[in-house]
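What follows is a short report on a single structure.
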């Protein structure tokens, strides 16, 4: 089993509402400043207006897209370069928790909007970051790892790790 899948299963322990969803996780090549992202699976249904086609000779097709209960979390491949396995695990789990919270809050319609509109809505407000921090500490407690007292310290540590990876490439 891939380490990302294993760590996803651990992270799911602090997201009981998401157990019914089919969520997968893997390392992927992502843009430079992106540690993780979620892809949503859609089911497309095409319907043709038979009357319009057969009588009027006009083709009218309607396409309906429905969101499936399947999500794919992609983690940046550059995180594989973190040599120490426990350190890599903590950074990847933090990223997975961030993406799982997006799934739980179902804020994909806002994310898909134009960036200028999205920026005004501020998806990553302080409350979102605090919730990620709280869930991350919950997971650490379950894994019997000491909790982190300050969110800013955690953000600084993760940023330092990611920056050191960028310096090596």
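The values are calculated or read from the model by the stated rules, or taken from the named source; none is laboratory data. Computed from a predicted structure; not experimentally measured. Ideal geometry is used to build each Cβ from the backbone, glycine not excepted, and the neighbour counts take in all protein chains shown.
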Checklist entry - Restricting attention to region 16-56, which residues are over 13 Å from the mean Cα position of the chain (by Cα), within 14 Å of residue 101 (Cα to Cα) and surrounded by 11 or more Cβ atoms within 10 Å (Cβ to Cβ)? => result 21
Item to check | Which numbered condition residue 86 fails, given (1) surrounded by 12 or more Cβ atoms within 10 Å (Cβ to Cβ); (2) free of Cβ contacts under 8 Å to residues at least 60 places away in the same chain; (3) part of a helix (DSSP H, G or I) | outcome: (1)
Checklist entry - When you look at residue 108, is it closer than 22 Å to residue 33 by Cα, within 17 Å of the chain's Cα centre (by Cα), surrounded by 10 or more Cβ atoms within 10 Å (Cβ to Cβ) and modelled with pLDDT under 90, yes or no? => result yes
Checklist entry - What residue, among those in region 57-74 that are over 22 Å from residue 20 (Cα atoms) and within 29 Å of the chain's Cα centre (by Cα), is surrounded by the fewest Cβ atoms within 10 Å (Cβ to Cβ)? => result 63
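For every residue, the table says whether it meets (1) modelled with pLDDT of 90 or more; (2) out of contact with any strand residue (DSSP E or B) (no Cβ under 7 Å at 6 or more places or on another chain); (3) closer than 15 Å to residue 4 by Cα.
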| site | (1), (2), (3) |
| --- | --- |
| 91 | yes, yes, yes |
| 98 | yes, no, yes |
| 102 | no, no, no |
| 141 | yes, yes, no |
| 157 | yes, yes, no |
| 167 | no, yes, no |
